[in-house]
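The values are calculated or read from the model by the stated rules, or taken from the named source; none is laboratory data. Quantities reported herein were computed from a predicted structural model and do not represent experimental measurements. Quick reminder, even Gly has a Cβ in these numbers, built from the backbone with ideal geometry, and neighbours come from all protein chains shown. Only protein heavy atoms, including side chains, enter the accessible area calculation; ligands, DNA and RNA are left aside. Shrake-Rupley method; radii C 1.70, N 1.55, O 1.52, S 1.80 Å.
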Amino acid sequence: VDQWKEAAKYNDVDSCIELAKYFEHQVKDYYLALEWTNKALIFSSQISSAKLSKLQNEDKIFHRKNRLIGKIKSIDRK
C-alpha cells in the first residue's frame, strides 16, 4: 500500500487503481476507493492514450467509479 501511495504521488494511474481495489475489496471503504478512482481518472486524462495501460483505460475506470457510487448509495439507504 505504501508503495502504491508513493507511486500515486507521481500521477501513476495503475497505482491509483490498485489503491482503489484495495480500499474497495480489503478495507471495504468505498468512499476512499472512490477517491482513488477519481484520482486515476484525473491522472489518466493528463496522459496520452498510448501510454495508458491497456488494462486501465478510462472506460474501465469509469465503470469502477459507477460501481462504487452504486455501493455507496446502497449503504446510505440503509
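Mind checking the full-extension length gain between residue 38 and residue 60? Use 0.36 nm per residue of separation minus the Cα-Cα distance, one decimal, nm.
Length gained between residue 38 and residue 60: 6.7 nm.
How big, on average over all directions, is the shadow cast by the Cα convex hull of the range 1-44, in nm²?
In nm², the orientation-averaged hull projection of the range 1-44 is 2.4.
Modelling each spin label as a point 7 Å along the Cα-to-Cβ direction, I'd like the residue 77/residue 21 distance in nm, to one decimal.
Each label point lies 7 Å from its Cα, and together they span 2.8 nm.
Arrange the residues 63, 25 by how much accessible surface each exposes, largest first, with a 1.4 angstrom probe.
Accessible-area ranking of 63, 25, largest first: 63, 25.
Answer with a single label: of (i) 58; (ii) 64; (iii) 51, which was calculated as percent of Cα pairs over 15 Å apart from the structure in view?
Given (i) 58; (ii) 64; (iii) 51, the structure-derived one carries the label (iii).
Counting heavy atoms of the protein chains only and a 1.4 Å probe, report the per residue accessible area for the chain as a whole number of Å².
Roughly 67 Å² per residue, with all protein chains present.
If I stretch the segment between residue 29 and residue 47 completely, what's the gain in nm (0.36 nm per residue apart, minus their alpha carbon distance), one decimal?
3.7 nm
Could you tell me what percent of the accessible area of the chain is made up of carbon and sulfur, with a 1.4 Å probe and every protein chain present?
C and S atoms contribute 52 percent here.
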